[in-house]
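Below: the structure, in C-alpha coordinates.
The values are calculated or read from the model by the stated rules, or taken from the named source; none is laboratory data. All values derive from a computational prediction rather than experimental measurement. Reconstructed Cβ throughout: ideal geometry from the backbone, glycine too, with neighbour counts over all protein chains shown. Quick note on the areas: whole protein, heavy atoms, side chains included, nothing else; ligands and nucleic acids left out. Shrake-Rupley method; radii C 1.70, N 1.55, O 1.52, S 1.80 Å.
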Amino acid sequence: MEAYLDNSATTRCSASAADLMMQVLRTDYGNPSSLHNRGMEAENYIKEARARIAKTLKVNDKEIYFTSGGTEGNNLAIIGAAMANQRAGKRVITTSIEHPSVGNPYAYLQEQGFEVTYLPVDVYGVISLQDLKKAMTRDTILVSIMHVNNEIGAVEPIEEAAKLIKQMNPNCLFHVDAIQSYGKFRIYPKKIGIDLLTVSGHKIHGPKGSGFLFVRDRVKVRPIILGGGQELGMRSGTENVPAIAGLGQAAMEIYQDFDEKIARLYQIRNHFIERTEKIPGVTINGHKDNQNAPHIVSVSVKGVRSEVLLHALEDKGIYVSAGSACSSNKPAVSKTLQAIGIERGLLGSTVRFSFSVHTTMEEIDYACDTMETLIPMLSKYTRY
(Lines give C-alpha, C1' and ligand atoms only; values in the text may rest on other atoms or scores of the structure.)
Protein backbone atom coordinates (compact mmCIF):
# COMPACT_ATOMS: atom_id res chain seq x y z
CA MET A 1 0.00 0.00 0.00
CA GLU A 2 1.07 3.61 -0.55
CA ALA A 3 0.14 6.64 1.56
CA TYR A 4 1.03 10.07 0.17
CA LEU A 5 0.92 12.32 3.24
CA ASP A 6 2.99 15.25 1.94
CA ASN A 7 0.21 17.38 0.47
CA SER A 8 1.53 20.63 1.92
CA ALA A 9 4.59 20.13 -0.28
CA THR A 10 2.45 19.52 -3.36
CA THR A 11 -0.83 17.90 -4.33
CA ARG A 12 -1.74 15.64 -7.21
CA CYS A 13 -3.13 17.69 -10.08
CA SER A 14 -6.84 17.09 -10.53
CA ALA A 15 -7.86 15.11 -13.61
CA SER A 16 -10.09 17.85 -14.98
CA ALA A 17 -7.39 20.51 -14.49
CA ALA A 18 -4.85 18.30 -16.29
CA ASP A 19 -7.31 17.58 -19.12
CA LEU A 20 -8.01 21.28 -19.56
CA MET A 21 -4.28 22.03 -19.65
CA MET A 22 -3.77 19.40 -22.33
CA GLN A 23 -6.53 20.99 -24.39
CA VAL A 24 -4.76 24.35 -24.17
CA LEU A 25 -1.32 22.86 -24.89
CA ARG A 26 -2.38 20.82 -27.89
CA THR A 27 -5.36 22.60 -29.46
CA ASP A 28 -5.91 26.16 -28.16
CA TYR A 29 -2.23 27.04 -28.07
CA GLY A 30 -2.29 30.68 -29.21
CA ASN A 31 -0.47 33.57 -27.56
CA PRO A 32 -3.05 35.68 -25.67
CA SER A 33 -1.33 38.85 -26.90
CA SER A 34 -1.92 37.91 -30.54
CA LEU A 35 -4.78 39.72 -32.31
CA HIS A 36 -6.04 36.75 -34.33
CA ASN A 37 -8.58 34.10 -33.28
CA ARG A 38 -6.01 31.76 -31.76
CA GLY A 39 -4.86 34.60 -29.51
CA MET A 40 -8.42 35.48 -28.54
CA GLU A 41 -9.11 31.84 -27.63
CA ALA A 42 -6.09 31.84 -25.33
CA GLU A 43 -7.13 35.15 -23.79
CA ASN A 44 -10.58 33.72 -23.05
CA TYR A 45 -9.02 30.94 -20.99
CA ILE A 46 -7.28 33.57 -18.87
CA LYS A 47 -10.48 35.60 -18.48
CA GLU A 48 -12.40 32.49 -17.42
CA ALA A 49 -9.76 31.49 -14.85
CA ARG A 50 -9.63 35.02 -13.45
CA ALA A 51 -13.40 35.08 -13.08
CA ARG A 52 -13.50 31.67 -11.39
CA ILE A 53 -10.83 32.67 -8.85
CA ALA A 54 -12.36 36.08 -8.17
CA LYS A 55 -15.67 34.40 -7.41
CA THR A 56 -14.11 32.22 -4.67
CA LEU A 57 -12.77 35.35 -2.96
CA LYS A 58 -15.74 37.64 -3.73
CA VAL A 59 -13.48 40.21 -5.40
CA ASN A 60 -13.35 41.86 -8.82
CA ASP A 61 -11.77 39.98 -11.70
CA LYS A 62 -9.31 42.83 -12.35
CA GLU A 63 -7.90 42.43 -8.83
CA ILE A 64 -6.44 38.98 -9.66
CA TYR A 65 -2.95 38.84 -11.17
CA PHE A 66 -1.43 35.55 -12.30
CA THR A 67 2.08 34.59 -11.19
CA SER A 68 4.39 31.58 -11.43
CA GLY A 69 3.50 30.55 -7.87
CA GLY A 70 3.72 31.47 -4.21
CA THR A 71 7.33 32.64 -4.15
CA GLU A 72 6.87 35.14 -6.97
CA GLY A 73 3.54 36.26 -5.51
CA ASN A 74 5.04 36.94 -2.09
CA ASN A 75 8.04 38.76 -3.57
CA LEU A 76 5.80 40.92 -5.73
CA ALA A 77 3.46 41.71 -2.85
CA ILE A 78 6.18 42.55 -0.32
CA ILE A 79 8.93 44.19 -2.38
CA GLY A 80 6.47 45.73 -4.84
CA ALA A 81 4.26 47.26 -2.15
CA ALA A 82 7.15 48.44 0.03
CA MET A 83 8.95 50.12 -2.85
CA ALA A 84 5.79 51.75 -4.18
CA ASN A 85 4.79 53.19 -0.80
CA GLN A 86 8.12 54.01 0.89
CA ARG A 87 7.52 57.76 0.80
CA ALA A 88 4.91 57.23 3.51
CA GLY A 89 7.43 55.41 5.75
CA LYS A 90 9.98 52.63 5.89
CA ARG A 91 8.67 50.54 8.76
CA VAL A 92 7.35 47.06 7.99
CA ILE A 93 6.17 44.14 10.14
CA THR A 94 6.09 40.38 9.72
CA THR A 95 6.27 37.29 11.95
CA SER A 96 9.08 35.03 13.10
CA ILE A 97 7.54 31.92 11.47
CA GLU A 98 7.03 33.03 7.88
CA HIS A 99 7.92 30.90 4.87
CA PRO A 100 11.31 31.83 3.30
CA SER A 101 9.47 33.39 0.35
CA VAL A 102 8.26 36.01 2.85
CA GLY A 103 11.21 36.02 5.25
CA ASN A 104 13.84 36.56 2.56
CA PRO A 105 12.06 39.49 0.85
CA TYR A 106 11.84 41.14 4.28
CA ALA A 107 15.56 40.54 4.80
CA TYR A 108 16.09 42.20 1.40
CA LEU A 109 14.00 45.20 2.49
CA GLN A 110 16.13 45.47 5.62
CA GLU A 111 19.22 45.68 3.39
CA GLN A 112 17.49 48.49 1.49
CA GLY A 113 17.10 50.53 4.67
CA PHE A 114 13.65 49.45 5.86
CA GLU A 115 13.09 48.83 9.56
CA VAL A 116 11.64 45.33 10.00
CA THR A 117 9.85 44.12 13.13
CA TYR A 118 9.47 40.34 13.57
CA LEU A 119 6.55 39.34 15.79
CA PRO A 120 7.12 36.38 18.13
CA VAL A 121 4.62 33.54 18.54
CA ASP A 122 3.38 31.45 21.45
CA VAL A 123 3.96 27.71 21.96
CA TYR A 124 1.18 27.00 19.45
CA GLY A 125 2.74 29.20 16.76
CA VAL A 126 0.20 32.02 17.07
CA ILE A 127 1.06 35.73 17.22
CA SER A 128 -0.15 38.08 19.94
CA LEU A 129 -2.39 40.92 18.79
CA GLN A 130 -0.93 42.94 21.66
CA ASP A 131 2.54 42.52 20.16
CA LEU A 132 1.20 43.64 16.79
CA LYS A 133 -0.41 46.69 18.39
CA LYS A 134 2.88 47.64 20.07
CA ALA A 135 4.78 47.29 16.80
CA MET A 136 2.38 49.46 14.75
CA THR A 137 3.34 53.09 14.14
CA ARG A 138 2.01 55.89 11.95
CA ASP A 139 4.80 55.25 9.44
CA THR A 140 4.28 51.48 9.23
CA ILE A 141 3.46 50.89 5.57
CA LEU A 142 3.18 47.09 5.32
CA VAL A 143 2.34 44.11 7.52
CA SER A 144 2.68 40.49 6.32
CA ILE A 145 1.13 37.67 8.36
CA MET A 146 0.73 34.14 7.01
CA HIS A 147 -2.74 32.67 7.45
CA VAL A 148 -1.63 29.07 8.07
CA ASN A 149 1.91 28.07 8.99
CA ASN A 150 3.33 25.55 6.55
CA GLU A 151 5.16 23.44 9.16
CA ILE A 152 2.81 23.08 12.13
CA GLY A 153 -0.53 24.29 10.76
CA ALA A 154 -0.96 27.18 13.20
CA VAL A 155 -3.81 29.49 12.18
CA GLU A 156 -3.10 33.18 12.66
CA PRO A 157 -5.85 35.66 13.67
CA ILE A 158 -5.86 37.51 10.36
CA GLU A 159 -9.34 39.02 10.74
CA GLU A 160 -8.52 40.54 14.13
CA ALA A 161 -5.10 41.61 12.86
CA ALA A 162 -6.63 43.35 9.85
CA LYS A 163 -9.07 45.24 12.06
CA LEU A 164 -6.30 46.35 14.41
CA ILE A 165 -3.98 47.43 11.57
CA LYS A 166 -6.66 49.53 9.87
CA GLN A 167 -7.75 51.11 13.16
CA MET A 168 -4.21 52.17 14.01
CA ASN A 169 -3.14 53.19 10.51
CA PRO A 170 -5.73 53.10 7.70
CA ASN A 171 -3.01 53.61 5.08
CA CYS A 172 -0.94 50.61 6.16
CA LEU A 173 -1.19 47.70 3.72
CA PHE A 174 -1.96 44.19 4.99
CA HIS A 175 -0.51 41.24 3.08
CA VAL A 176 -1.53 37.65 3.81
CA ASP A 177 0.31 34.57 2.57
CA ALA A 178 -2.66 32.24 2.02
CA ILE A 179 -0.70 29.50 0.27
CA GLN A 180 -1.55 26.90 2.92
CA SER A 181 -5.03 28.23 3.69
CA TYR A 182 -6.71 28.90 0.35
CA GLY A 183 -8.97 25.93 -0.30
CA LYS A 184 -8.98 25.05 3.43
CA PHE A 185 -10.77 28.18 4.64
CA ARG A 186 -13.24 30.60 3.11
CA ILE A 187 -11.32 33.84 2.64
CA TYR A 188 -12.97 37.12 1.65
CA PRO A 189 -10.17 39.74 1.52
CA LYS A 190 -12.35 42.81 1.13
CA LYS A 191 -14.62 41.85 4.01
CA ILE A 192 -11.64 41.11 6.25
CA GLY A 193 -9.50 44.09 5.25
CA ILE A 194 -6.72 42.31 3.35
CA ASP A 195 -4.97 44.37 0.66
CA LEU A 196 -2.72 41.69 -0.85
CA LEU A 197 -3.18 37.91 -0.79
CA THR A 198 -0.90 35.22 -2.23
CA VAL A 199 -1.96 31.77 -3.49
CA SER A 200 -0.08 28.89 -5.15
CA GLY A 201 -1.78 26.48 -7.56
CA HIS A 202 -0.02 23.24 -6.74
CA LYS A 203 -1.27 23.27 -3.13
CA ILE A 204 -4.92 22.98 -4.32
CA HIS A 205 -4.62 20.25 -6.99
CA GLY A 206 -3.62 22.72 -9.69
CA PRO A 207 -0.36 22.64 -11.68
CA LYS A 208 3.07 23.57 -10.38
CA GLY A 209 4.31 26.90 -11.72
CA SER A 210 0.92 28.56 -11.26
CA GLY A 211 -0.40 31.03 -8.73
CA PHE A 212 -2.08 34.38 -8.29
CA LEU A 213 -1.85 37.53 -6.26
CA PHE A 214 -4.94 39.47 -5.18
CA VAL A 215 -4.24 43.20 -5.13
CA ARG A 216 -7.05 45.34 -3.83
CA ASP A 217 -8.15 48.06 -6.24
CA ARG A 218 -6.09 51.28 -5.93
CA VAL A 219 -3.30 49.62 -3.92
CA LYS A 220 0.06 50.72 -5.33
CA VAL A 221 2.50 47.91 -6.16
CA ARG A 222 5.71 48.39 -8.14
CA PRO A 223 6.22 45.57 -10.68
CA ILE A 224 9.39 43.52 -10.20
CA ILE A 225 9.27 41.82 -13.64
CA LEU A 226 9.42 44.32 -16.48
CA GLY A 227 8.73 43.71 -20.14
CA GLY A 228 5.72 43.69 -22.44
CA GLY A 229 3.22 44.84 -19.82
CA GLN A 230 1.06 41.73 -19.54
CA GLU A 231 -1.26 41.34 -16.52
CA LEU A 232 -2.19 45.04 -16.73
CA GLY A 233 1.49 45.91 -16.39
CA MET A 234 1.81 44.15 -13.03
CA ARG A 235 3.66 41.07 -14.28
CA SER A 236 5.26 41.09 -17.73
CA GLY A 237 5.94 37.97 -19.76
CA THR A 238 3.83 35.76 -22.01
CA GLU A 239 1.16 34.20 -19.82
CA ASN A 240 1.40 30.50 -19.02
CA VAL A 241 -2.09 29.87 -20.39
CA PRO A 242 -2.21 26.09 -19.73
CA ALA A 243 -1.20 26.56 -16.10
CA ILE A 244 -3.58 29.49 -15.63
CA ALA A 245 -6.48 27.47 -17.07
CA GLY A 246 -5.62 24.53 -14.81
CA LEU A 247 -5.37 26.82 -11.78
CA GLY A 248 -8.80 28.31 -12.49
CA GLN A 249 -10.31 24.84 -12.76
CA ALA A 250 -8.65 23.68 -9.52
CA ALA A 251 -9.78 26.81 -7.66
CA MET A 252 -13.37 26.25 -8.72
CA GLU A 253 -13.26 22.56 -7.77
CA ILE A 254 -11.64 22.98 -4.36
CA TYR A 255 -14.56 25.10 -3.12
CA GLN A 256 -17.26 22.70 -4.34
CA ASP A 257 -18.89 20.77 -1.44
CA PHE A 258 -16.50 22.75 0.72
CA ASP A 259 -17.99 22.19 4.19
CA GLU A 260 -18.11 18.42 3.71
CA LYS A 261 -14.49 18.37 2.53
CA ILE A 262 -13.21 20.33 5.52
CA ALA A 263 -15.25 18.33 8.03
CA ARG A 264 -13.75 15.16 6.60
CA LEU A 265 -10.22 16.59 6.72
CA TYR A 266 -10.64 17.42 10.41
CA GLN A 267 -12.01 13.92 11.00
CA ILE A 268 -8.91 12.43 9.37
CA ARG A 269 -6.57 14.76 11.26
CA ASN A 270 -8.18 14.07 14.63
CA HIS A 271 -8.06 10.32 14.07
CA PHE A 272 -4.38 10.54 13.09
CA ILE A 273 -3.50 12.56 16.21
CA GLU A 274 -5.53 10.28 18.49
CA ARG A 275 -3.59 7.24 17.28
CA THR A 276 -0.16 8.81 16.90
CA GLU A 277 0.14 10.48 20.31
CA LYS A 278 -0.31 7.09 21.98
CA ILE A 279 3.03 5.96 20.56
CA PRO A 280 5.81 6.30 23.21
CA GLY A 281 8.13 9.26 22.55
CA VAL A 282 5.75 11.08 20.19
CA THR A 283 4.82 14.76 20.66
CA ILE A 284 2.30 16.68 18.56
CA ASN A 285 3.33 20.30 17.94
CA GLY A 286 0.73 23.07 17.87
CA HIS A 287 -2.94 22.85 18.72
CA LYS A 288 -4.33 19.32 18.62
CA ASP A 289 -7.92 20.48 18.22
CA ASN A 290 -9.70 22.33 15.43
CA GLN A 291 -7.94 25.60 16.25
CA ASN A 292 -5.25 24.31 13.89
CA ALA A 293 -5.56 23.94 10.12
CA PRO A 294 -7.36 20.75 9.03
CA HIS A 295 -4.57 19.31 6.90
CA ILE A 296 -1.25 19.60 8.79
CA VAL A 297 0.17 17.68 11.75
CA SER A 298 3.71 18.23 13.05
CA VAL A 299 5.11 15.20 14.88
CA SER A 300 8.29 15.09 16.97
CA VAL A 301 9.73 11.69 17.92
CA LYS A 302 12.19 11.66 20.79
CA GLY A 303 15.47 10.00 19.89
CA VAL A 304 14.70 9.46 16.19
CA ARG A 305 16.20 11.80 13.60
CA SER A 306 13.63 13.19 11.17
CA GLU A 307 15.57 11.96 8.12
CA VAL A 308 15.76 8.46 9.60
CA LEU A 309 12.01 8.31 10.21
CA LEU A 310 11.25 9.88 6.82
CA HIS A 311 13.24 7.24 4.93
CA ALA A 312 11.98 4.39 7.10
CA LEU A 313 8.41 5.46 6.26
CA GLU A 314 9.36 5.90 2.60
CA ASP A 315 10.53 2.27 2.52
CA LYS A 316 6.97 1.35 3.48
CA GLY A 317 5.42 3.58 0.80
CA ILE A 318 4.53 6.43 3.17
CA TYR A 319 5.63 9.90 2.06
CA VAL A 320 6.07 12.81 4.48
CA SER A 321 8.33 15.87 4.90
CA ALA A 322 11.11 16.57 7.37
CA GLY A 323 9.72 19.86 8.68
CA SER A 324 8.71 21.49 5.38
CA ALA A 325 9.44 20.68 1.78
CA CYS A 326 11.59 23.79 1.42
CA SER A 327 14.11 22.47 3.93
CA SER A 328 13.77 18.73 3.44
CA ASN A 329 16.82 18.41 1.22
CA LYS A 330 19.12 20.72 3.16
CA PRO A 331 19.47 20.10 6.90
CA ALA A 332 18.69 23.30 8.76
CA VAL A 333 17.10 24.03 12.10
CA SER A 334 13.48 25.09 11.62
CA LYS A 335 12.82 28.71 12.61
CA THR A 336 9.21 27.82 13.29
CA LEU A 337 10.09 25.03 15.72
CA GLN A 338 12.62 27.31 17.42
CA ALA A 339 10.02 30.08 17.64
CA ILE A 340 7.46 27.87 19.41
CA GLY A 341 10.18 26.77 21.85
CA ILE A 342 10.11 23.01 21.43
CA GLU A 343 12.67 20.96 23.32
CA ARG A 344 16.10 21.32 21.76
CA GLY A 345 16.47 17.57 21.34
CA LEU A 346 13.34 17.47 19.18
CA LEU A 347 14.41 20.15 16.69
CA GLY A 348 16.03 17.55 14.44
CA SER A 349 13.42 14.90 15.15
CA THR A 350 10.30 16.40 13.64
CA VAL A 351 8.31 15.34 10.57
CA ARG A 352 5.24 16.85 8.95
CA PHE A 353 2.21 14.87 7.83
CA SER A 354 -0.17 16.73 5.53
CA PHE A 355 -3.45 15.60 4.04
CA SER A 356 -5.67 16.46 1.09
CA VAL A 357 -9.29 15.95 0.09
CA HIS A 358 -8.16 12.69 -1.53
CA THR A 359 -6.52 11.26 1.62
CA THR A 360 -8.34 8.16 2.87
CA MET A 361 -8.81 6.79 6.36
CA GLU A 362 -7.13 3.60 5.13
CA GLU A 363 -3.97 5.60 4.35
CA ILE A 364 -4.06 7.15 7.81
CA ASP A 365 -4.47 3.79 9.55
CA TYR A 366 -1.70 2.27 7.44
CA ALA A 367 0.66 5.12 8.41
CA CYS A 368 -0.26 4.82 12.10
CA ASP A 369 0.11 1.03 12.10
CA THR A 370 3.53 1.39 10.48
CA MET A 371 4.72 4.03 12.96
CA GLU A 372 3.56 1.92 15.90
CA THR A 373 5.98 -0.74 14.69
CA LEU A 374 8.81 1.46 13.38
CA ILE A 375 9.23 4.08 16.10
CA PRO A 376 9.96 1.71 19.04
CA MET A 377 12.42 -0.15 16.81
CA LEU A 378 14.18 3.02 15.61
CA SER A 379 14.34 4.39 19.16
CA LYS A 380 16.50 1.42 20.22
CA TYR A 381 19.28 2.58 17.93
CA THR A 382 19.42 6.11 19.28
CA ARG A 383 22.85 7.46 20.17
CA TYR A 384 23.07 10.15 22.80
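When Arg216 is tested against (1) free of Cβ contacts under 8 Å to residues at least 12 places away in the same chain; (2) at negative phi; (3) open to solvent by 70 Å² or more (accessible area, probe 1.4 Å), exactly one condition is not met: (1). Consider the range 171-190 and keep the residues that are assigned to a strand (DSSP E or B) and touching a helix residue (DSSP H, G or I) at 6+ places or on another chain (Cβ under 6 Å). The one that is surrounded by the fewest Cβ atoms within 10 Å (Cβ to Cβ) is Phe174. For the range 142-158, state whether one or more residues are modelled with pLDDT of 95 or more, in contact with a helix residue (DSSP H, G or I) (Cβ under 8 Å, 6 or more places away or on another chain), more than 21 Å from Asn292 (Cα to Cα) and in a helix (DSSP H, G or I). No, the range 142-158 has no match at all. Considering the range 39-79, and only residues there that are charged (D, E, K, R) and closer than 25 Å to Cys172 by Cα, the residue that is surrounded by the most Cβ atoms within 10 Å (Cβ to Cβ) turns out to be Glu63.
Looking across the range 293-309 at every residue that is buried (at least 21 other Cβ atoms within 10 Å of the Cβ) and out of contact with any strand residue (DSSP E or B) (no Cβ under 6 Å at 6 or more places or on another chain), the one that is farthest from Ile375 (Cα to Cα) is identified as Pro294. Kindly indicate whether Pro280 is surrounded by fewer than 16 Cβ atoms within 10 Å (Cβ to Cβ) and touching a helix residue (DSSP H, G or I) at 6+ places or on another chain (Cβ under 8 Å). The answer is yes for Pro280.
For every residue, the table says whether it meets (1) of a type in the set (Ser, Thr, Tyr); (2) more than 30 Å from Arg352 (Cα to Cα); (3) touching a residue at least 24 places away in the same chain (Cβ under 8 Å).
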residue: Asp6; (1), (2), (3): no, no, yes
residue: Cys13; (1), (2), (3): no, no, yes
residue: Leu25; (1), (2), (3): no, yes, yes
residue: Arg38; (1), (2), (3): no, yes, no
residue: Ala42; (1), (2), (3): no, yes, yes
residue: Ile64; (1), (2), (3): no, yes, yes
residue: Thr67; (1), (2), (3): yes, no, yes
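Filtered by the rule that a residue be open to solvent by 40 Å² or more (accessible area, probe 1.4 Å), out of contact with any strand residue (DSSP E or B) (no Cβ under 7 Å at 6 or more places or on another chain) and either modelled with pLDDT under 95 or outside any loop (DSSP other than H, G, I, E, B) (or both), the range 348-378 gives Met361, Glu362, Asp365, Asp369, Glu372, Thr373, Pro376, Met377. Among all residues of the range 117-134, there is at least one that is closer than 22 Å to Ala161 by Cα, out of contact with any Asp or Glu (no Cβ under 8 Å at 6 or more places or on another chain), in a helix (DSSP H, G or I) and in contact (Cβ under 8 Å) with a residue 24 or more places away in the chain.
Selection of the range 191-203 for residues being crowded, with 24+ Cβ neighbours inside 10 Å and not in a helix (DSSP H, G or I) yields Ile194, Asp195, Leu196, Leu197, Thr198, Val199, Ser200. Consider the range 104-116 and keep the residues that are out of contact with any Phe, Trp or Tyr (no Cβ under 9 Å at 6 or more places or on another chain) and either among the small types (Gly, Ala, Ser) or part of a loop (DSSP other than H, G, I, E, B) (or both). The one that is most open to solvent (accessible area, probe 1.4 Å) is Gln112. Between Ala51, Ala81, Ala77, the distinction of being in contact with a helix residue (DSSP H, G or I) (Cβ under 7 Å, 6 or more places away or on another chain) and on the phi < 0 side of the Ramachandran plot belongs to Ala51 only. With the structure loaded, tell me whether Asp289 is closer than 30 Å to Phe66 by Cβ and modelled with pLDDT of 95 or more or whether it fails that test. So Asp289 fails the test.
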